[in-house]
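Engineer: Here's a structure for you.
Only the coordinates and a few stated rules stand behind these numbers; no lab work does. Because the structure is a prediction, the values reported are computed rather than measured. Glycine also receives a Cβ, built like all others from the backbone with ideal geometry; neighbour counts cover every protein chain displayed.
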Amino acid sequence: MPKLPRSELLPGTLEMLVLHTLTLGPLHGYAISQHIEKLSESVLKVEQGSLYPALERLQNKGWVTSKWGESPTGRRARYYKITASGLKQLGEETSAFDRVTLAINRVLKRA
Amino acid sequence: MSVIDGLRHRVRVWLDRDAYDREMDEEVRHHLALDAAQHVGPDGRSASEAELIARRRFGNRTFHKEERRRVAGLAMFDGAALDARHLTRWLRRSPGFAALAILTIALGIGVTTAVVSIADHVLVRSLPFGDTDRLMMMVELDGHGGFRTPSAPTAEDWRQDAGTAQAFDGVTYVRGDGVTLRVGDEAETVGDGFVSPEFFPLLKTRPLLGRTLLPDDQRADAPLVAVITHRLWQRRFGGDRAILGRSISIDSIPTTVVGVMPPGAVYPPFADVWQPITKFKHQDILLRRGFHADSRTLARLRAGVDSARAMAFMQPVARRLAQDYPADQAKWMPALFPVRNEIIGNIRPMLLTLAAGAAAVLLLACANVAGLLLARVTARSRELAVRGALGASRGRVVRQLLTESLILSALGGVLGTALAAFGVKVVAKLMGDRLPRVEELVVDQRVLLVAASVTLLTALLCGVWPALRATRHRSSEVLRASASGAVGLRRDSRLRRMLVTVQFALALMLLVGAGLLMQSFRRAAAVDVGFDPRGVLTFRVAPPSGAYAQPGEAAALYDRLMVATRAVPGVVDAAFINHAPFGRAAITTSVEVEGRPMLDSSNQVFYRTVSGNYLDTMHMALAGGRWFDDADLRSQTGSFVINQAMAKLYWPGTNAIGQRITVRRASQARADFGKPMSGTVVGVVRDVHQQRQDVVPDPEVYVPYTTETWPWGMLVVRTRDGVRSSPALLRAIKAVDPRLVATGDPGTASFTGIEDTIAKSLAPRRFSMTLISAFAACALLLAGIGMYGVVAYGIAQRTREIGVRKALGATDGLIVRQLLRETAWVVVGGVVLGCGGAWAAGRLIRGLLFDTQLTDPGTFVLTIGLLGAAALGATLLPARRATRLDPTIAMRGE
């Protein structure tokens, strides 16, 4: 499994991925990390631990809220939920990201 | 609303930090457990192997947790706890430094606060009237130094003038008189202010008890009422609240007390009782245009009008009066004097000087703390560099240093405030009898607030700057530098030296100021008052009203009093005068010199009627001619004696003796008031200081008491035993006539003797001298501490160097000499800078000096000597450590 250094993830990408994941519904931290892993298998690799500071940042911005609940296995877990402003932010960031990737693709194809 | 959601999250986290910490751990444990469960089993991995994989996938737990806490804003709190830990460790390691820093701040804040509190109390807060700054005493000036109070008719013309009304909220005339107050068997003479209905509203002061005088009290058929001062209430009635409605005897007339004014509310300064002006005995005086004595005219400036504008408003009425009454008013223009200045003197120079002193002391303290912290930072540059290299951010290091200085300032501030409170208490105890309303003297809220801001400012000044400096150096440089043993960054040590130089300069300025004030005080106290005050007691003696009304009767009474008191054991001599020196009362008369055109009524000289042996009793000296002889006293030969000031004013360069002059009778209570008396100057006496030692004596004329006999007066008794003779003397006075009222010193009515009164007359001078001296002593101590700090740290920094030099054969003497040389340069710099500063600041203090030049060499020599001694001590103390250094240990270094 090729291990990419954290720095190779574009800044803000992890947050965007988390927001995207949370559109599925309220999830606890491990479920989020699993989902991101599945989505980006072998391309975007981050230490799972860095998910939590990212969640903290998202909560500071008010895009995500959290509360404790019970997991299907009966354990206590903190569930994260995307807020309305989080959804709006995701929309904006996705389109911005799309524009950038589009631009990069064009440059790369021309080269 | 995302911002609010985010904030809510942060606040929730902050409010329950410990719980959030635990929850974070729980979340991570949950995560790891779930992940480990994914990896266990299928490939035959054991639970522990699976756990290892989960941990690896998770990454550095500590790192991620720290990052998360940082994002959540929790790291801040760790930092504070860490800072506190660092701080306590650091304080424990160098208690001497902490003590010096805290002491410095405490001194700076404590002394400044105490002095400002006291000055504020004495100079501002003890003013009893509302908005005192707008209260003005109205006087008349002739433009040639002549000064008089307006007569009652003039004051009334002003009051009714439309122009004047635009300048003032009100104008009121107060007539003063001495009245006999009898309570039970005891009688005394007190000052009585006869006032109009506008008087009390103009003062803007509410009575402490009862009421002030009302317009109805002025009616002819109104019952006799009086308002009394707080001091009279305390002294005569023991502060009894049942005083209201009580009947007292004023000039043998039953009068009801209707009010007591609050402490300090005394105006005019001579008044102890106020009565309606319609009840004044000599109503005819109120109609005389030319009568200017014993009164005050008070006015309150309208808001937004200053003295100059008020004077402009008064020009028309002044011109009109000059035309209508040329003899009395032609040369005189109205002028205003702040009542504040009359109560406590002109305090502006003193306030400015004190403010400058306070600022200087505070600056000194700050420089000291900055120097100490800077030295400390330099000494710790290695530690800070190591911490920087280990990952502490610049902000983190700056914050630690800031925390240190803030905590030092807080401790210093608390100690300083305590010091201020203690200082104020001590001053109140020591100077209790010399300060007004001392029972109200406390460190008040406002001053505390000032102290608090000063503390904070000190922290910022002393903390930020060294902290910023400390973090400017790159860690690697410092680490390399310290490896070679040359940590003492040159620039820093030069900077510290500069700081101490400035401190010495400030200390020099304050010491010079204190020295000049002390010199002035010494010179003022040493001024020859023109007579020998030792053992002289004065008694104000007033016959009961109605008795001894004829001048001849009164003169005979005074003769009997002098004979009776001379017979008392321990009495050397006794004499009589209308107003004795250093009493508060005096009166002037106009003078005409024969053969010269009468100038105008500005030719005023002080007027004394005296008994024949007054000169001998007082041990005064003749400057020329002779004193009154028996013939002068017996047959009214028309002889006058004048003082040197008068001789110099009227006959400069020529002999005054034999000149003919005309003066006017000045006793208001006599029918012949104002009647001219012509005669010859037969003698000139040396000047006698009548009010204060530091004020040049005014021109005076002496008249035999048989020529004009005052209706009451001062019995002046020279004794061998001083105050102890006063009971026997009082008995002797009563033995002459039991109805006589004899009182002691003006104002206090105690018998302390004229010598004590003279000493008290210098109280304002003593006050400013004492406060500035407190500043100066504090400054000297602070500068010494600063020097000590610099030298001690210099030695600590150069331990290796000194060790090497000692190993190479340098003697202790040589090393100490080098340290002293460095100190000497700082002192020289400070002296040069300080002399320049003292010269520049001289303007401030000039008004407070007496017979002392700003460049008084003695003061400068003494000051520089003191500073030199302080610097020497501050160098030699730590220098001993350098000489005790063992070279082998020193060279082994850190």
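Engineer: Report the Stokes-Einstein translational diffusion coefficient (µm² s⁻¹, integer) for the range B:217-313, Rh taken as the Kirkwood radius over Cα pairs, at 10 °C with viscosity 1.306 mPa s.
Structural biologist: Values: Rh = 15.9 Å.
Translational diffusion coefficient: 100 µm²/s.
Engineer: To continue, here is another question. Sequence-distant or interchain residues sharing an amide H contact under 5 Å with B:ASP698, placed H: which?
Structural biologist: Under 5 Å from the amide H of B:ASP698 lie the amide H atoms of B:GLN690, each far enough along the sequence or on another chain.
Engineer: A further question follows. Quick one: Karplus J couplings for the range A:29-38, per residue in order, coefficients 6.51, -1.76, 1.60, θ = phi - 60°, nearest Hz, x for Gly and Pro?
Structural biologist: Values per residue, Gly and Pro as x: x, 5, 4, 4, 5, 4, 5, 5, 4, 5 Hz.
Engineer: So how compact is the range B:610-739: Cα radius of gyration and Dmax in angstrom?
Structural biologist: Cα radius of gyration and Dmax of the range B:610-739 are 16.5, 51 Å respectively.
Engineer: List the residues whose amide H sits under 5 Å from the amide H of A:TYR79, counting only those 5 or more places along or on another chain, with H placed 1.01 Å from N in the peptide plane.
Structural biologist: It is A:LYS67, A:TRP68, A:GLY69, by chain and number.
Engineer: Inverting the mean 1/r over all pairs of different Cα atoms, compute the Kirkwood radius of the range B:748-882 and quote it in Å.
Structural biologist: 18.2 Å
Engineer: A further question follows. Taking other Cβ within 10 Å of each residue's Cβ, how do B:GLU700, A:GLU37 sort, fewest first?
Structural biologist: Going from sparsest to densest Cβ surroundings: A:GLU37, B:GLU700.
Engineer: Based on the Cα atoms of the range B:675-714, what semi-axes does the equivalent ellipsoid have, where each is the square root of 5 times one gyration tensor eigenvalue, given in whole Å with the largest first?
Structural biologist: Details: eigenvalues 102, 48, 16 Å².
They are 23, 15, 9 Å, listed largest first.
Engineer: Run a plain Debye calculation on chain B (Cα atoms as equal point scatterers, no solvent) and give log10 I(q)/I(0) at q = 0.10 Å⁻¹, rounded to two decimals, same order as the q list.
Structural biologist: Treating every Cα as an identical point scatterer, log10 I(q)/I(0) equals -1.15.
Engineer: Given only helices, namely DSSP H runs of n ≥ 4 each adding -39500 (n - 2.57), what is the per-residue ellipticity at 222 nm of chain B, to the nearest 500 deg cm²/dmol?
Structural biologist: After summing the helix terms and dividing by the residues of chain B, the value is -17500 deg cm²/dmol.
Engineer: Within the range B:633-662, whose backbone N sits under 12 Å from a point 7 Å along Cα→Cβ of B:VAL696?
Structural biologist: Answer for the range B:633-662: B:645-646, B:648-649.
Engineer: Tell me, what ³J(HN,Hα) does each residue in the range B:858-867 have, in order and in whole Hz, if you take phi through Karplus 6.51 cos²θ - 1.76 cosθ + 1.60 with θ = phi - 60° and put x for Gly and Pro?
Structural biologist: Here the 3J(HN,Hα) series is x, 4, 5, 4, 4, 4, 5, x, 4, 4 Hz.
Engineer: I've got another one for you. Picking from B:MET677, B:VAL386, B:ASN578, whose Cα lies most toward the positive end of the charge dipole for chain B (charges on Cβ: Lys, Arg +1; Asp, Glu -1)?
Structural biologist: Sorting the options by dipole projection puts first B:VAL386.
Engineer: Just the Kirkwood number for the range B:815-894, please: inverse of mean 1/r across all distinct Cα pairs, in Å, one decimal.
Structural biologist: 15.4 Å
Engineer: Could you give the radius of gyration (one decimal) and Dmax (whole number) of the Cα atoms in the protein assembly as shown, in Å?
Structural biologist: 42.9, 145
Engineer: Taking the Cα atoms only, what angle lies between the long axis of helix B:763-797 and the longest principal axis of chain B, rounded to 10 degrees?
Structural biologist: 20 degrees
Engineer: With the Cα gyration tensor of the range B:696-742 giving a ≥ b ≥ c as the square roots of its eigenvalues, does the rule (a/c under 1.5 for rounded; else a/b larger than b/c for prolate; else oblate) give rounded, prolate or oblate?
Structural biologist: Oblate.
Engineer: Rounding to the nearest 10 and keeping the result within 0 to 90°, find how far the Cα-based axis of helix B:75-93 lies from the longest principal axis of chain B.
Structural biologist: Once rounded, one gets 70 degrees.
Engineer: Provide the percentage of antiparallel DSSP beta bridges, counting only those with both residues in the protein assembly as shown; round to the nearest 5.
Structural biologist: 80 percent
Engineer: Let me ask something else. I need the Debye-formula profile for the range A:33-82: one equal scatterer per C-alpha, no solvent, reported as log10 I(q)/I(0) at q = 0.18, 0.24, 0.26 1/Å, two decimals.
Structural biologist: The Debye formula, applied to the Cα set alone, gives -0.72, -1.02, -1.06.
Engineer: Modelling each spin label as a point 7 Å along the Cα-to-Cβ direction, I'd like the B:LEU430/B:THR680 distance in nm, to one decimal.
Structural biologist: My value for the distance between the label points is 5.9 nm.
Engineer: Could I ask something else about it? Please give the helix B:445-470 orientation as an angle from the longest Cα principal axis of chain B, in degrees from 0 to 90, rounded to the nearest 10.
Structural biologist: With rounding to tens, the tilt is 40 degrees.
Engineer: Among the DSSP beta bridges whose two residues both lie in chain B, what percent are antiparallel, rounded to the nearest 5?
Structural biologist: 80 percent
Engineer: Now, a different point. Check which residues have an amide H placed less than 5 Å from B:ASP272's amide H, if you skip close sequence neighbours.
Structural biologist: Correct list: B:GLY191, B:ASP192, B:GLY193.
Engineer: Still on this structure, please answer the following. Tell me, what is the percent relative contact order of chain B, built from C-alpha pairs under 8 Å that lie six or more residues apart? Spell out each step's value before the answer.
Structural biologist: Details: 1499 pairs, mean separation 133.4, N = 894.
Here the relative contact order equals 15 percent.
Engineer: Which whole-Hz couplings ³J(HN,Hα) result when phi for each residue of the range B:4-18 is put into the Karplus expression 6.51 cos²θ - 1.76 cosθ + 1.60, θ = phi - 60°, listed in order with x for Gly and Pro?
Structural biologist: 5, 4, x, 4, 4, 4, 4, 4, 4, 4, 5, 5, 10, 4, 5
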